[in-house]
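Notes to accompany the following structure.
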Amino acid sequence: MGYRTLKGIGTAELIIKKSVFIGYASPADTEEDARAFIAKIKAHHSDATHNVSAYLINDGKNFAVRYDDDGEPKGSAGKPVLKVIQNKGLSNVVIVVTRYFGGIKLGYGGLVKAYSDAASLAVENAGIVEVYEMEHFEVTLPYSFFHTVRETIKKAGGRVVGENYDEVVTFTVETRKGEAERLMELLRERTMGRARLRRLFMAPFEGNL
């Protein structure tokens with residue numbers, strides 16, 4: 001199982017009827033990370049009229065959804081920002097949209113659009129990635145099967161993340177969770193049983209394939 005999140009921090013700035021909207025979007029592994037990011041932006045823009053925020057955390061174990069209008073009319077700011085996260089199918093993401101009021105009221109619909117647009121642009125500038133929990137195993141093989149094993153791993157969607165060359169070759173292989181057993185069996189077949197395979201139980205790791 002995987003999820004969609006942000007590649008990094010993205011920012012965007014819009015000027016709408018003299019009001020300045022600055023969007024910040026960031027990945028956040030935990031609710032504490034999300035709150036810390038919000039606090040950081042609020043401190044940086046302590047002179048702003050509003051610092052609207054929303055986050056969604058879902059790592060398979062923990063689930064948290066929050067939004068804050070920060071003084072804007074109820075439902076006109078934080079909720080639209082949260083909807084950007086939900087509509088893009090993102091998890092483990094926090095967004096803050098800062099507003100410096102320019103003296104012209106936008107109305108409820110105008111606020112919804114302004115906050116949504118700033119959040120969307122910040123997400124777009126951050127970039128979206130698919131993240132998967134990974135499994136690892138070790139395969140030891142004679143040199144005669146070097147190319148066969150390399151190609152088999154690559155075509156099956158795995159990745160060699162460690163190599164050792166001695167009397168035999170040893171690869172450390174990374175693959176998406178749930179796919180290691182299938183790839184290990186395939187390597188046994190392709191090497192006619194001459195490859196030695198061993199599961200590795202590493203610390204939890206997430207990566208992109």
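Brief remarks follow.
- By the compact-protein rule of thumb, 2.2 N^0.38 Å, the alpha-carbon radius of gyration of the chain corresponds to a ratio of 1.40.
- Ordered by solvent-accessible area of protein heavy atoms (1.4 Å probe), largest first, the residues Arg150, Arg190 come out as Arg190, Arg150.
- Taken over region 81-146, the convex hull of the Cα atoms encloses 122 Å³ per residue.
- Treating r as the C-beta distance of Arg198 and Ala156 and R0 as 22 Å, the FRET efficiency rounds to 0.80.
- Model label points for Asn62 and Asp33, set 7 angstrom from Cα along the Cα-to-Cβ axis, are 0.9 nm apart.
- Ordered from highest to lowest accessible area with the whole protein assembly present and a 1.4 Å probe, His50, His147 read as His147, His50.
- Apolar share of the accessible surface for the chain: 50 percent from carbon plus sulfur atoms, 1.4 Å probe.
- Distance from region 146-193 to region 20-77 (C-alpha centre basis), Å: 43 Å
- Between 0 and 90 degrees, the angle of helix 180-190 with respect to the longest Cα principal axis of the chain falls at about 30 degrees.
- Dimensions (Å) - region 1-59, Cα atoms, principal axes, largest first: 45, 20, 15
- Helix 107-126 vs. the chain, principal-axis angle (Cα, 0 to 90°, nearest 10): 30 degrees
- Solvent exposure ordering (accessible area, 1.4 Å, most first) of Val173, Val160: Val160, Val173
- Accessible surface area normalised per residue over the chain is 54 Å², counting heavy atoms of protein chains with a 1.4 Å rolling probe.
- Size descriptors for region 114-168 (Cα atoms only): Rg and Dmax, in that order, 20.0, 64 Å.
- Length gained when the stretch Ile9-Glu133 is fully extended (0.36 nm per residue, less Cα-Cα span): 42.5 nm
- Of the chymotrypsin sites (Phe, Trp or Tyr not before Pro) in region 164-204, those whose Cβ has at most 15 other Cβ within 10 Å and which sit in DSSP loop: Phe201
- Other residues lying with their Cβ under 10 Å from the Cβ of Val20 contribute a combined charge of +1, Lys and Arg counting +1, Asp and Glu -1.
- Residues Val20 and Val168, FRET efficiency given R0 of 45 Å [Cβ-Cβ distance, rounded to 0.05]: 0.10
- A straight chain from Glu189 to Lys42 at 0.36 nm per residue would run longer than the Cα-Cα distance by 47.1 nm.
The values are calculated or read from the model by the stated rules, or taken from the named source; none is laboratory data. A quick note: this is a predicted structure, and the numbers were derived from the prediction, not measured. Don't worry about glycine lacking a Cβ; one is built from the backbone with ideal geometry, like all the others, and counts go over all protein chains shown. Surface accessibility is based on the protein's heavy atoms, side chains included, excluding ligands, DNA and RNA. Shrake-Rupley method; radii C 1.70, N 1.55, O 1.52, S 1.80 Å.
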